[in-house]
Amino acid sequence: MPKGVERPAYDRERVATGIVHLGIGAFHRAHQAVCTDTAIARAGGDWRIEGVSLRRPDAARRLNPQNGLYTLLVREGTTTRARVIGSIARVHVAPEDPGIVRARLADPAVRICSLTISEKGYGLDPRGGGLDARHPAVAADLARPHAPTGAVGLLVEGLAARFAAEIKPFTPLSCDNLPANGAVLRRLVLEFAAHRDASLAKRIEAEVPFPSTMVDRITPASTEATYADAARLIGREDRAAVETEPFWQWVIEDRFAAGRPVWGAAGATLVGDVGPYETMKLRMINGAHTLLVCLGVVAGLDHVRDVMADPLLAALVRRHMDRAAETLEAVPGVDFAAYADRICRRFAEPAIAHATRQIAMDTTQKLPQRILTPAVEARAAGRDATTFALTVAAWMRLCLGRREDGSVFTLDDPRAEEIAAALTGRDRDAATIALALFALPGLFPEALLADHVWREQVEGHLATLLRQGVHAAARSVLAA
Ligand code: CS2
């Protein structure tokens, strides 16, 4: 191993598994797995991670042959630092090994089951926030609860197995960008469990904590450049390498059924209430992301940094952060203006190639918490909600699947078919497009649908986007 590459500072073989993680993608490897690696190095504890892929085998194929080890590249300016992370013990592929997740979750040594399964993995009904029985994994698991394939079904089966064997429950730990992610997961698990057996639901309700967490680290999907730099820096091929920025933040509600790693000693923040941090992060970072990527994709800008290199668009992004901040309650120790400045620097970082298409994925799953809920609040408080309206218009423009230069792209969204059906024959005129997309069941809150002034704003921005383009729309909002 070349000098200067940090390696696990502990004997991996002597550290047993304490965590099962569902959804072992790049984000987990750049965030929680790193913090856990540091925590084990600082204070020991049997807290290594067994990852689970719920669908594709890629992560297992890449990580298992190298005994779970992988390279974390941290990029900033012209520097790329490599660190080898040792916290992942192995990866299971749930579809290839049905029963493995249940077995691992029934192991008393496993005390936490964390998740990064993305917004769409939860099976959340946008209408009421409960379990969506039409979600493919939820529907399949409700039909066969003892052979689950989705996250919620697996958690319930795992908890049921623990109770049956008189083992203390593990703590489910959501690390996805959802508001009150612990409370959301709890509701879904309880509703699912109640379908199986009311007493199981009661027991989960009484005995299982569902802490919420706020996670933050910009993690672009790995590319050939990631693998090439990893190979150069560590001196061997690593197709499991991930790349990220120096900044990271993890705020965790400190309620665990059977302990946790000393994540605090590794830089995480343990608090009693994650809510204000989560709302701030979702509205300021993720909301601004959604605005800038919808515009960026349409304008043919491939990376977040390209959007931020355009002074007009960067000013618009900053304006949106300020408007988002106006909807927030105070967060201990945080100055929103300084927080926004920092996010702008992170977005603009030239060393980070974060694809606008990557973030624009699944926007229907992201709009409610990032844009629509704060828009409702801003309107109710009589505040300016123009940038929220522009974001919705930009998403509607994105839904047309063609850029300003006329080139086409595929909309990557679980509701893409519905969107395409709603737009068939209607994709020319702003008013018709807006009407069709406002009618998507469950997406827009009633308060916005009934707000004619705001709807007209959306339609107006969409008309500008269609006729004059992204820059004209940005200019008109900044001038207002
Ligand atoms: C992004 C997030 O893909 C997205 O929707 O907004 O993944 C974002 O990069 C992270 O939340 C940053 O912490």
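The values are calculated or read from the model by the stated rules, or taken from the named source; none is laboratory data. Fair warning: this is a prediction, and the values are worked out from it, not measured in the lab. We place every Cβ from the backbone using ideal geometry, glycine too, and count neighbours over all the protein chains shown. Heads up: the accessible areas ignore ligands, DNA and RNA and are worked out on the full protein's heavy atoms, side chains in. Shrake-Rupley method; radii C 1.70, N 1.55, O 1.52, S 1.80 Å.
For segment 275-479, carbon and sulfur atoms together expose 51% of the accessible surface, with a 1.4 angstrom probe and every protein chain in place. In the assembled protein chains, TYR277 presents an accessible area of approximately 30 Å² (probe radius 1.4 Å).
Distant-in-sequence amide contacts of HIS303, defined by a placed amide H-H separation under 5 Å and a gap of 5 or more residues or a different chain, comprise THR356. 3J(HN,Hα) along segment 398-407, derived from phi through the Karplus expression 6.51 cos²θ - 1.76 cosθ + 1.60 where θ = phi - 60°, amounts to 4, 4, 6, x, 9, 7, 5, 7, x, 5 Hz, with x in place of Gly and Pro.
For the chain, DSSP calls about 35 percent of its internal beta bridges antiparallel. Accessible area per residue (1.4 Å probe, heavy atoms of protein chains only) ranks ASP37, ASP273 as ASP273, ASP37, with the largest value leading. About the centre of its Cα atoms, segment 100-155 shows a dipole size close to 100 debye [charges on the beta carbon of Lys, Arg (+1) and Asp, Glu (-1) only; nearest 20 debye]. Using the Cβ-Cβ distance between ASP273 and GLU417 with R0 set to 45 Å, the FRET efficiency works out to roughly 0.70.
Rounded, prolate or oblate: which fits segment 275-479, taking a ≥ b ≥ c as square roots of the Cα gyration tensor eigenvalues, rounded meaning a/c under 1.5, else prolate when a/b beats b/c? Walk me through the numbers on the way to the answer.
Details: a/c = 1.62, a/b = 1.21, b/c = 1.33.
Oblate is the answer for segment 275-479, as a/c is 1.5 or above yet b/c matches or exceeds a/b.
Pick out, in residue order, every one of the trypsin sites (Lys or Arg not before Pro) in segment 3-72 that is DSSP loop and has at most 12 other C-beta atoms within 10 Å; say none if there are none.
LYS3
Heavy-atom accessible area for SER407, with the other protein chains in place and a 1.4 Å probe, reaches approximately 40 Å².
For helix 151-164, report the angle its Cα long axis makes with the longest principal axis of the Cα atoms of the chain; keep it between 0 and 90° and round to the nearest 10°. For helix 151-164, the angle is close to 30 degrees. Our coupling estimate for segment 326-331, obtained by passing each phi through the Karplus curve with A = 6.51, B = -1.76, C = 1.60 and θ = phi - 60°, is 5, 8, 9, 7, 4, 10 Hz, Gly and Pro reported as x. Helix-only estimate, please: 222 nm mean residue ellipticity of the chain, summing -39500 (n - 2.57) across DSSP H runs of length 4 or more and dividing by its residues, to the nearest 500. Taken over the chain, the calculation gives -13000 deg cm²/dmol.
Near THR269, the amide H atoms lying under 5 Å from its own belong to TRP250, VAL251, ILE252; only residues 5 or more places off or on other chains count, and H is placed 1.01 Å from N. Sorted largest first, the spans of the alpha carbon positions of the chain along the three principal axes are 63, 57, 42 Å.
Note: relative contact order over the chain, using C-alpha pairs below 8 Å and six or more positions apart, is 14 percent.
When +1 charges are put on Lys and Arg Cβ atoms and -1 charges on Asp and Glu Cβ atoms, the dipole computed for the chain relative to its Cα centre reaches about 680 debye.
Here the accessible area of segment 234-274 is 45 percent carbon and sulfur, with a 1.4 angstrom probe and all protein chains present. Taking a ≥ b ≥ c as the square roots of the Cα gyration tensor eigenvalues, segment 12-271 comes out prolate, since a/c reaches at least 1.5 and a/b is larger than b/c. Once backbone amide H atoms are built at 1.01 Å from N, TYR10 has no partners under 5 Å, excluding neighbours fewer than 5 places away on the same chain. Applying the Karplus relation 6.51 cos²θ - 1.76 cosθ + 1.60 with θ = phi - 60° to segment 382-389 yields 3J(HN,Hα) values of x, 9, 5, 10, 4, 5, 5, 5 Hz, where x marks Gly and Pro. Rolling a 1.4 Å probe over the protein heavy atoms gives the chain an accessible area of 39 Å² per residue.
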